[in-house]
Amino acid sequence: MYYNTIHIPAFIEAGEGILQDLDSLLEESHLFFPEKVLVTQENLYDIFKDKLSGNVFSDIIFCKGGELDEANEIIGRLRDSEAVLMAFGGGSVLDLVKYVATRINNPYLTVPSTLSNDAIYSSVARLTANMKKRSFTVQPPLGVILDLSVIKMSPRELILAGAGDLITNLSAVKDWTLAHENNRESMNELACILSKQAAISIWNYTEDELFSDNFLLDLFHGLVTSGLSMTIAGSSRSCSGSEHLVSHAIDEYFSEKATMHGIQAAWAFLEIERQIRKDAEFADRLQEFYDRIGLSKVIADMIPWKSEDLQELIPYAKRIRKRYTVLNTV
Ligand SMILES: [Zn+2]
C-alpha cells in the first residue's frame, strides 16, 4: 500500500438561508436516499420550524444530545432503518448522531446550528457515560451544510469558543512535533499542515468582524479542515494536545468549574505557552490575538481558574490519556 485512503465528505455547502433547501442540495449532489431522518433538539426545531419544513423528513427525532444512554436508545429505534441521518444542532447533537450513524452503519450529514467546536466534521464523538465524558472514534459525515443566517443567531460566546478550539491547533501541532522528536512517535506532515493552516486563517480578524460572512466562512472552513486533518491523522492528535488534556481534565475532575470546551482549551493554551513552553514572544502575540478577537474578555468571564492553577491541573491532565505532550517534560 503506497497511498493512504481516507473518507472525505461528498459535499460541503455554506450559504445564507440554505436550511430550507437541504433536499435540493442532496439532489444537486446526486445523493438520493429512500428516507431522511432529522435528529435535533425540540427547542431548536421550534425556532427553525419554518425553514426546516421546506424539506421532507420521514421521521423527526428530538434528543437532548451528548449522552451515551440516549444514543443507544436511538440506535434501538433506528436499527433496521436505511435512512440518512441529518444532525441539526450544536456539538452535543452532532456527536450523538455521529455515534448513532456509525453504530448502525448509516450515512449522516451535519448541519451545525453554531460553530463552537470542530465536532461539525471530525471522526471523534464525545459523549457522557456515567457522568464522565468519553471519546469514540466515528465515521466522518457524508456532508456538512452551513446556513449562515442560522449561525448569525448563535451567541457570541459560542463563536468565540469555536475560534478558541481552532486556534489551539497550533498547540496540538507543537505537541505532536515534540512527541516525534522526544518519543519517536510517527507524525503525519499533511495532517499538521492542514491543522496549522486552518488555525492561521482566523489570525487577522477583529471582534467587530465576528459575525461577518468572511469570518464565519473562514471559521467554518477552518473547523472542517481541522476535521479533515484528524481524519488523515487517524486520531485527534493534530488538533488536540496538552491544552485539550487540561480542558478534558477540568471536565472530568472539576466538572462544577467546567465551561465551554473551546474557551477552556484557549485559556490552557496561553497558560502553557507562558508557563511551560516559556515562549514569551509567541505568548504575547497569542494574547494580542485573544484581546483583538474578544476571547480575553470571555475567558475572564467564564474561566474560574487563575494562572497559577495550571500547575494543579497538570497531574490530572496527564491522567486523561496516554498522549505525549509538553506536559510530560514538567
Ligand atoms: Zn477541540
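Each value in this text was obtained by applying a stated rule to the coordinates, not by laboratory testing. As the structure is a prediction and not an experimental result, all values here were calculated from the model. Counting neighbours? That spans all protein chains shown, and the Cβs are built from the backbone with ideal geometry, glycine included.
Here is how the numbers come out for the structure above:
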| quantity | calculated |
| --- | --- |
| Mean Cα-pair separation over length for the chain, i.e. relative contact order, pairs under 8 Å, 6 or more apart, % | 16 |
| Most to least packed among 233-241, 184-192 [average Cβ atoms within 10 Å] | 233-241, 184-192 |
| Residue-wise HN-Hα coupling along region 208-215, computed from phi with Karplus coefficients 6.51, -1.76, 1.60 (Hz; x: Gly, Pro) | 4, 9, 3, 9, 7, 4, 4, 5 |
| Acute angle (nearest 10 degrees) that the helix 189-200 long axis makes with the longest principal axis of the chain, alpha-carbon atoms | 90 |
| Relative contact order of region 232-307, defined on C-alpha pairs under 8 angstrom at six or more residues apart (%) | 29 |
| Amide proton proximity set for Val124, modelled H, under 5 Å, gap of 5+ | Val138 |
| Theoretical FRET efficiency, 1/(1+(r/R0)^6), r = Cβ-Cβ of Thr206 and Glu308, R0 35 Å, to 0.05 | 0.70 |
| Over 27 Å between alpha carbons, listed pairs Lys196/Lys318; Lys133/Lys278; Lys257/Lys322; Lys152/Lys174 | Lys133/Lys278; Lys152/Lys174 |
| Cut-off 18 Å, label 7 Å out along Cα→Cβ of Ser186, residues of region 292-330 by amide N | 323-324 |
| Ordering of 144-152, 94-102, 258-266 by burial proxy (mean other Cβ atoms within 10 Å per residue, highest first) | 94-102, 258-266, 144-152 |
| The chain: angle of helix 169-183 to the longest principal axis, Cα-based, in degrees nearest 10 | 60 |
| Top of Phe88, Phe289, Phe269 by mean-square fluctuation, Gaussian network on the chain, Cα under 10 Å | Phe289 |
| Relative contact order for region 11-151, counting Cα pairs under 8 Å that sit 6 or more residues apart, in percent | 27 |
| Between region 67-120 and region 291-330, the alpha-carbon center distance in angstrom | 30 |
| Cα gyration tensor, region 160-329 - rounded (a/c under 1.5), prolate or oblate | oblate |
| Extension gain (nm, one decimal) between Lys64 and Thr329, 0.36 nm per residue minus Cα-Cα | 91.4 nm |
| Computed [θ] at 222 nm, helices only, for the chain once each DSSP H run of length n ≥ 4 contributes -39500 (n - 2.57) | -15500 deg cm²/dmol |
| Rounded to the nearest 20 debye, dipole of region 216-330 from Cβ charges on Lys, Arg, Asp, Glu | 480 |
| Total formal charge among the other residues, if their Cβ is under 12 angstrom from that of Asn43, Lys/Arg +1 and Asp/Glu -1 | 0 |
| In degrees, nearest ten, helix 242-253 long axis to first principal axis of the chain (Cα) | 70 |
| Spacing of the two label points (7 Å from each Cα toward its C-beta) at Ser235 and Met131, in nm | 2.9 |
| Computed magnitude of the charge dipole of region 11-151 (debye, nearest 20; Cβ of K, R +1, Cβ of D, E -1) | 700 |
| For the chain, built as a Gaussian network whose Cα springs stay under 10 Å, the top-fluctuating residue of Ser58, Ser226, Ser154 | Ser58 |
